[in-house]
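> Structure incoming, see below.
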Amino acid sequence: MTTLPYQTFAAEVGRVLGMSRDELPPSLDLYEGLGIDSLGLITIGDHLEKAFSVTLPAADVVTCRRLGEFHELVARLVREEGE
């Protein structure tokens, strides 16, 4: 079973945003805390698809409110698609 540690996920998100993974706690509100809109989330999702070799449904991505929720989505897909 493949797992995706939060710090690895946060580092990849940080690459897109130009931020350190330490600045990206799981409780961070994507919309209010980072000022990201749904298009911004899709852009991050595109990067994560390539980084982790998964397919992220846009409809699922835009429902993530906090970074921890986004991690849970990506981690689940990494597990499912890695089996």
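The values are calculated or read from the model by the stated rules, or taken from the named source; none is laboratory data. Remember, predicted model here, so these are calculated numbers, not experimental data. Heads up, the Cβs are rebuilt from the backbone with ideal geometry, glycines too, and the neighbour counts pull from every protein chain shown.
> Cβ-Cβ below 6 Å, separation at least six or inter-chain, first residue in the range 57-83 and β-branched (Val, Ile, Thr), second surrounded by fewer than 19 Cβ atoms within 10 Å (Cβ to Cβ) and in a helix (DSSP H, G or I): which pairs?
Note: pairs meeting the criteria are VAL62/SER38.
> I'm trying to understand the selection: among the residues of the range 29-46, which are touching a strand residue (DSSP E or B) at 6+ places or on another chain (Cβ under 8 Å) and modelled with pLDDT of 95 or more?
ASP29, the sole residue that qualifies.
> Would you pick out the residues in the range 52-78 that are closer than 20 Å to PRO25 by Cβ, out of contact with any Leu (no Cβ under 6 Å at 6 or more places or on another chain) and small (Gly, Ala, Ser)?
GLY68
> Further question: Of the residues GLU49, GLU80, only one is part of a helix (DSSP H, G or I), of a type outside the set (A, V, I, L, M, F, W, C) and at pLDDT 95 or above; which? Talk me through it step by step, then tell me what you get.
Details: GLU80 fails: at pLDDT 95 or above.
Exactly one of GLU49, GLU80 is part of a helix (DSSP H, G or I), of a type outside the set (A, V, I, L, M, F, W, C) and at pLDDT 95 or above, namely GLU49.
> Hey, another quick one. If we scan the range 17-32, do we find a residue that is free of Cβ contacts under 8 Å to residues at least 12 places away in the same chain, in a helix (DSSP H, G or I), at negative phi and not acidic (Asp, Glu)?
No, every residue in the range 17-32 fails to be free of Cβ contacts under 8 Å to residues at least 12 places away in the same chain, in a helix (DSSP H, G or I), at negative phi and not acidic (Asp, Glu).
> Being outside any helix (DSSP H, G or I) and either in contact with a helix residue (DSSP H, G or I) (Cβ under 7 Å, 6 or more places away or on another chain) or under 17 Å from ASP46 (Cβ atoms) (or both) is the filter here, so list the residues in the range 4-16 that pass it.
Quick first cut of the range 4-16, residues outside any helix (DSSP H, G or I) only: 4-5.
Within the range 4-16, LEU4 is the sole residue that qualifies.
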